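I have placed the structure first, in the form of structure tokens, so that the comments after it can refer back to it.
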Amino acid sequence: MAFAKEAEMTKEQIIKCNAIIHTASAASGSASFFTSQIPLADSVIIVPAQMVMVVGLAGVFGYKVTEGVAEAIVGPFISQQIGKAVAKQLVGFIPVAGNIVKATISVTFTETLGWLIAQKFCEGRARNLDAEDALNFVGDAIKKHNFKKKVSKPHSNHHK
């Protein structure tokens, strides 16, 4: 089966994806904000919110995804550990500032994950997706959207 390189979402799909992704992001951010000083407490809400997001996004594009597949898609990101590590480095356990930073990281991460997955479903890259394929599915999305800063050598104005 051939896949579209850059499939376009319909307006209706974008509206539905916005609602699903923003809801999961709000849940993730709230969990991180209110549990910032309690290690791993936010993961109890973030991981299930992201799993529900994956199942919802699949439905927008006509797919049925099991809980196991959703878990396999979300699992590699271990968002609560990434967010905690970055937040701890930035502000540690400073009340309020730590809460804000940690919530911001969780929201940003969940939004990014959601849109990457939505684009993959839109492109038709998720047909017959099972738990074994989930890692490749997410890996492709990461590779496609891996923004690396390109460094170029300064041009010399000196002429010999």
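The values are calculated or read from the model by the stated rules, or taken from the named source; none is laboratory data. Bear in mind the structure is a predicted one, so any value in this text is a computation, not a measurement. Please note: Cβ atoms are built from the backbone with ideal geometry, for glycine as well, and neighbour counts cover all protein chains shown.
List of remarks:
- Filtering the range 61-70 to residues that are touching a residue at least 24 places away in the same chain (Cβ under 8 Å) and crowded, with 16+ Cβ neighbours inside 10 Å leaves F61, Y63, V65, V69.
- Of all the listed residues (F121, F77, F93), the sole one being among the aromatic types (F, W, Y) and either touching a Ser or Thr at 6+ places or on another chain (Cβ under 7 Å) or modelled with pLDDT of 80 or more (or both) is F121.
- Looking only at the range 30-44, and only at residues there that are at pLDDT 85 or above and surrounded by fewer than 19 Cβ atoms within 10 Å (Cβ to Cβ), the one that is nearest to L116 (Cα to Cα): S30
- Residue list for the range 5-60, filter: without any contact (Cβ under 8 Å) to a residue 12 or more places away in the chain and not acidic (D, E): T10, K11, I14, I15, N18, A19, T35, I38, A41, P48, G59
- Within the range 96-117, considering residues that are more than 10 Å from the chain's Cα centre (by Cα) and either buried (at least 19 other Cβ atoms within 10 Å of the Cβ) or within 24 Å of I15 (Cα to Cα) (or both), the one modelled with the lowest pLDDT: G98
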